[in-house]
Amino acid sequence: MKAGPKHQLCLLICATVLCLILTQSVQAHRDDFIDETLVYRTLDQGEIELEYGLDYGDRPDPDDKFIRHIFAAEYGLTDRFMVNGKVLLESEFDSALVEFRYRFFEEGERLIDVAFSAEVEVENVENDSDEYHAQPRLIFSKDLEKLNFTVNLPLKIPFKSSPSEFIPAIGWRYDAAGVFKFGAEVKYNTFNKKGSVIPQVWFELPEEMLLKLGYSQGFDQNPESYMRTFLEKEF
């Protein structure tokens, strides 16, 4: 019997976790992926990152083309605890969130690096109504010299009586050079059967700036695709 996208993703997660367990940690943290896949990394205390992102894509319903703006800021509360705020605008308000992330140990102290993230998000849905939900998340990370693997296990919990949604994600990244990295992330919502795969690249720029470029292609019940550009500045 042919495995569906949900079963394929479960197999991919199992294979990735097994790879993490069978190898040894060598290298330091990485920056977050371009979509919603978080890494073990937290900012140092007092460190600030400002981010701006731009999406250009299409979906069959309701509009063919869309442009989306993303504004975000991160702040290191301690060396292991940070806060992240993000607002998305698409012609008008789309969504906003506040995320807190804590890593339990210094990187490389354990076989697999483990962090915990929790966020609260408000999202504009049909009929211009707002929907609130919380999203706790476990983050597993492993460095293999220049290669990093990240597994996210988030649970989206609506404040109303709607069902919770499990949205696992996997990301990998290769440090090809000091200023250039490439990789991809895959996520899949097991409730509404919407998935996406996002190949991407990172360029380190002068003055503590970072440029991210990626393309998101939806699969299964997700028809949306878009190009995303992200620019970050660290202070």
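The values are calculated or read from the model by the stated rules, or taken from the named source; none is laboratory data. Here the structure is a predicted model, which means the values were calculated and not measured. No Cβ is skipped: glycine too gets one built from the backbone with ideal geometry, and neighbour counts run over all protein chains shown.
Quick grid of which residues meet (1) touching a strand residue (DSSP E or B) at 6+ places or on another chain (Cβ under 9 Å); (2) buried (at least 16 other Cβ atoms within 10 Å of the Cβ); (3) among the aromatic types (Phe, Trp, Tyr); (4) in contact (Cβ under 8 Å) with a residue 40 or more places away in the chain:
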position	(1), (2), (3), (4)
Asn148	yes, yes, no, yes
Ile170	yes, yes, no, yes
Ala176	yes, no, no, no
Val179	yes, no, no, no
Pro206	no, no, no, no
Leu211	yes, no, no, no
Gln221	yes, no, no, no
Glu224	yes, yes, no, yes
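Is it true that Arg30 is modelled with pLDDT of 50 or more and surrounded by 18 or more Cβ atoms within 10 Å (Cβ to Cβ)? Yes: the conditions hold for Arg30. Taking the range 178-235 as the region of interest, the strands (runs of 3 or more DSSP E) fully inside it that hold 1 or more residues being small (Gly, Ala, Ser), within 15 Å of the chain's Cα centre (by Cα) and modelled with pLDDT of 95 or more are 180-189, 194-205, 209-220. Among residues of the range 33-62 that are more than 16 Å from Val197 (Cβ to Cβ), those with a Cβ under 7 angstrom from a residue that is part of a strand (DSSP E or B) and of a type in the set (S, T, N, Q), sequence gap 6+ or separate chain, pair up as Leu38/Ser117; Leu38/Asn152; Val39/Ser141; Val39/Thr150; Tyr40/Ser141; Gly53/Thr229; Leu54/Thr229; Asp58/Ser225.
Considered as a group, the residues in the range 33-55 that are in contact with a Lys or Arg (Cβ under 8 Å, 6 or more places away or on another chain) and of a type in the set (Ser, Thr, Tyr) include one that is modelled with the highest pLDDT, and that residue is Thr37.
What residue, among those in the range 112-146 that are small (Gly, Ala, Ser) and surrounded by 19 or more Cβ atoms within 10 Å (Cβ to Cβ), is nearest to the chain's Cα centre (by Cα)? Don't jump to the end; show me each part of the working.
First, the residues of the range 112-146 that are small (Gly, Ala, Ser): 115, 117-118, 129, 134, 141.
After this cut, where a residue has to be surrounded by 19 or more Cβ atoms within 10 Å (Cβ to Cβ) as well, the list is 115, 117, 141.
Values: Ala115: 14, Ser117: 11, Ser141: 13 Å.
Top of the filtered list is Ser117.
Of all residues in the range 56-111, those being more than 23 Å from Pro136 (Cα to Cα), of a type in the set (A, V, I, L, M) and either at pLDDT below 90 or buried (at least 16 other Cβ atoms within 10 Å of the Cβ) (or both) number 0. Quick one: what pairs do we get from the range 112-124, first residue within 21 Å of Tyr40 (Cβ to Cβ), second part of a loop (DSSP other than H, G, I, E, B) and acidic (Asp, Glu), C-beta under 6 Å, 6+ apart or different chains? Listed pairs, sorted by first residue: Asp113/Glu107.
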